[in-house]
Amino acid sequence: MAVGRGGVLELAVLGSLNETPLHGYELRKRLNALLGMFRAFSYGSLYPCLRQLLINGLIAEEPPEDGDTATQSDVAPPLTGRRSKIVYKITAEGKERLQELLTQSGPSSWEDESFGVHFAFFRLTEAEVRLRILEGRRSRLEERLDAVRTALARTRERLDSYTLELQRHGLESVEREVRWLNELIDTERAQAVRARAERAQAQSAEPVPDESNE
């Protein structure tokens, strides 16, 4: 099952709560820092997502401690009508769902609005999945570069100087990301080679059972 728009937010919420339980206001700030870097984040989409995660048993509410009341700035649109700091935490089922989301490396994980969220949780992602996502993202951007270069070559003479500079700026931005991805992919591959070598060395160092006493 691919990670769509809702799945990207689900991944971001579960990944954030996997690190620590959070009040709704704290979760909003963390998601804004995470998702806001890669796409417009609507707070209006967060609370329906939280409701669904609660219904599905992927997260749970913790009641506020005695005396822990919310200020007006801390109050988020309530899920239960209580004007208090509700703490959300991930459940065992939520951790399983998070691992499922982290194994997905298909085309949806390469797109602009989801790649950054997957990348933010690479520390929780298996090496092979990380590499597939990085290679897929690079492939997608290289396709985009080819298309833009072809279109630019056909229309260059009809563009004014400002539009032409804007097109060049876009090309340079994508080219920088491709170079960045190349570096990451090289690093991931080198780490994989070292890991295989270390496993082989560890296996060769294991004592051979002495069959003479059998």
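The values are calculated or read from the model by the stated rules, or taken from the named source; none is laboratory data. Note that this is a predicted model, so its numbers are computed, not measured. So basically every Cβ, Gly included, is an ideal-geometry build from the backbone, and we count neighbours across all protein chains shown. Note: areas computed on protein heavy atoms with side chains; ligands, DNA, RNA excluded. Shrake-Rupley method; radii C 1.70, N 1.55, O 1.52, S 1.80 Å.
A few notes on this one:
- Full-stretch length increase - Arg196, Val174 - with 0.36 nm per residue and alpha-carbon distance subtracted: 4.6 nm
- Taken along the Cα-to-beta-carbon direction at a fixed 7 Å, the label points for Thr103 and Arg158 span 5.0 nm.
- Projecting label points 7 angstrom from Cα along Cα→Cβ for Asp146 and Asn32 puts them 4.2 nm apart.
- Amide H contacts of His23 (H built 1.01 Å from N, under 5 Å, at least 5 apart or other chain): Tyr88
- Gyration tensor (alpha-carbon) shape descriptor, region 79-214, a/c threshold 1.5: oblate
- Label-to-label distance, Ala205 versus Glu61, with points set 7 angstrom from Cα along the beta-carbon direction: 5.3 nm.
- The residues neighbouring Glu19, those whose beta-carbon lies less than 13 Å from its own, together hold a net charge of +3 under the Lys/Arg +1, Asp/Glu -1 convention.
- Solvent-accessible area per residue in region 90-214 equals 67 Å², computed with a 1.4 angstrom probe and all protein chains kept.
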